[in-house]
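Encoded as structure tokens, the structure appears first; notes follow it.
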Amino acid sequence: MQNRVKLTKRQIKEDKFTSVMLRSRGWFQDNWQFLAIGIFAVILLAVAANFWFDAQANDRQVAATKFARALNDYRGGNDQVASAGLSNIIEEHSNTDVAKQSMFLLGKLNFRMRIFPEAIRNFEQFLKNERTDKLSRAAAQAGIAACHENQGLYAEAAEKYEAAIKEMPDGPLIGDYHFSAMRCYLDLKDGESARIHLNIIEEKFEGSELVNRALRMFGEKYSG
């Protein structure tokens, strides 16, 4: 009778490892083309992602340079040149944060040039694109309100001043927004709504010049 050979645990493990390696080698031989294609695709994706990030960084840099130039023109009173520069940024660098800043500044510029419908469109587009900067959103709402007020649309203006208040109730310009809303309601002969804003001004800014201005305007425009 032939004696059985008893394998040790180590031999069993080595035998299993050898079997796995042989099967793996067979799989790689049969599928190496697909594996190579997959690796090549990953490399291509990595290169494309790197190229995209480099392009985005370059786009932001170019946009920032253009914005600095347009801002300088804006401050220097070169309105037409500034307008063209800001419009160019919005059109050619729409995916950058600078484009949002350009839209806001273009709204201010059109307001300064008294092109109110265009300024409103700029501010509304800014609000559509900017979701997180509450201070700037409040300023854009107030910009729309000022456009309406300058066109004698006091109800629309009051509504937008109140929208600016809601955007940032404790913002640095909150007193001015309440004052402006009160002014619009007084022009509408709506003393009750105007008084609401006057009361808030008196409460929040007690003893300030803003309170004196608000009381004086309320007394001059409302006799109810």
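Laid out as a table, the results:
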{"quantity": "Within-15-Å neighbourhood charge of Tyr161 [Cβ basis; K, R +1; D, E -1]", "calculated": "-4"}
{"quantity": "Over the range 131-224, relative contact order from alpha-carbon pairs under 8 Å, at least 6 apart, %", "calculated": "22"}
{"quantity": "Dipole of the range 77-127, positive direction: furthest Cα of Ser94, Phe111, Ser83, with charges on the beta-carbon", "calculated": "Phe111"}
{"quantity": "Cα lying deepest toward the dipole's positive end in the range 131-224, options Gly175, Asn212, Gln141, charges on Cβ", "calculated": "Gln141"}
{"quantity": "Given charges at beta-carbon only (K, R positive; D, E negative), |dipole| of the range 131-224 in Debye", "calculated": "120"}
{"quantity": "Hits among aspartates and glutamates - C-alpha to C-alpha of Lys166 under 12 Å, sequence gap 8 or more where chains match", "calculated": "none"}
{"quantity": "log₁₀ of I(q)/I(0) at q = 0.17, 0.21, 0.25, 0.26 Å⁻¹ - the range 131-224, Debye sum with one point per alpha carbon", "calculated": "-0.67, -0.98, -1.27, -1.32"}
{"quantity": "Between the range 87-130 and the range 163-224, the Cα center-to-center distance that results, in Å", "calculated": "28"}
{"quantity": "Full-extension gain in nm, Glu124 to Asn150, via 0.36 nm per residue minus C-alpha separation", "calculated": "7.7 nm"}
{"quantity": "Distance between modelled label sites at Glu91 and Lys189, nm, 7 Å Cα→Cβ extension", "calculated": "4.8"}
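No lab work stands behind these numbers, since they all come straight from the coordinates. The model shown is predicted, which means the values in this text are computed figures rather than measured ones. Using ideal geometry, Cβ is built from the backbone for each residue, glycine included, and neighbour counts are taken over all protein chains shown.
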